[in-house]
Amino acid sequence: MSVESEAQTEVSMRTLLVRGAIGGLVAGAVFAVANMWFAASNAMPAIMPLKAMASIVQGAPAVMDGSASPVVGVLVHVVLSIAFGVGLALFIRPLHAAGHQVVAALVYGAALYVVNFLILAPLFFKAFTMVNQPFEAVAHVFYAAVALPFLLNFQRASASDARR
């Protein structure tokens, strides 16, 4: 690989990761608002999802005794949203057809739900076992669908740049 193509690959990877982070952040914000709306529409405090997210670092008892910090929940959610967006970017990177990327993104969102809520939550994050599971499954798939356009644009731009 030439020095020039290595530099292009590095820039392309950096761009991909930044777009994944931005897409994850935007999708995470939509996800958080949807969770807060869902909580409020079910006669719970809208801030409850943020407190549940805080339990990842503060522990489930913090949710139960009311000491869970919504600010900590926002910070945890931002970090995870960015990380999952970058993960999505890396997951779809080898795929070139937009249709394949869409399907892969939806599978990625479903896998996030399965790993986070059906595997990790029962073992480590008890606060997440008490949520509406069907809503969370849909919300996680929707997260990936919202993040994906940030990456589809990258793929198209990279393909057109490669043709020049």
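Name the single residue, out of those in region 118-149 being assigned to a helix (DSSP H, G or I), of a type in the set (Phe, Trp, Tyr) and modelled with pLDDT under 95, that is farthest from Gly59 (Cα to Cα).
We begin by selecting, within region 118-149, every residue assigned to a helix (DSSP H, G or I); these are 118-124, 126-130, 133-149.
Right, trim to of a type in the set (Phe, Trp, Tyr) and you get 124, 128, 135, 142-143.
Still in the list and also modelled with pLDDT under 95: 124, 128.
Numbers: Phe124: 9, Phe128: 11 Å.
Residue satisfying both the conditions and the ranking: Phe128.
Of the conditions (1) surrounded by 19 or more Cβ atoms within 10 Å (Cβ to Cβ); (2) more than 15 Å from His140 (Cα to Cα); (3) touching a Pro at 6+ places or on another chain (Cβ under 7 Å), Val63 satisfies every one except a single condition; which number is it?
Every listed condition holds for Val63 apart from (3).
Take the conditions modelled with pLDDT of 90 or more and not basic (Lys, Arg) and apply them to Ala110. Does it pass?
Yes, satisfied.
Helices (runs of 4 or more DSSP H) wholly in region 1-112 with at least 2 residues that are touching a Gly at 6+ places or on another chain (Cβ under 7 Å) - which ones?
Here the list reads 3-41, 48-58, 70-92.
Condition first: aromatic (Phe, Trp, Tyr) and at pLDDT below 90. Now tell me which residues in region 150-164 satisfy that.
Phe154
With respect to Phe84, determine if the residue is under 13 Å from the mean Cα position of the chain (by Cα), in contact (Cβ under 8 Å) with a residue 40 or more places away in the chain and closer than 28 Å to Leu17 by Cα.
In short, yes.
Just to check your reading of the model, which residue among Leu118, Leu90, Leu50 is over 15 Å from Ala144 (Cα atoms) and surrounded by fewer than 21 Cβ atoms within 10 Å (Cβ to Cβ)?
Leu118
The values are calculated or read from the model by the stated rules, or taken from the named source; none is laboratory data. None of these values were measured; they are calculated from a predicted model. Glycine gets a Cβ as well: all are built from the backbone with ideal geometry, and neighbour counts include every protein chain shown.
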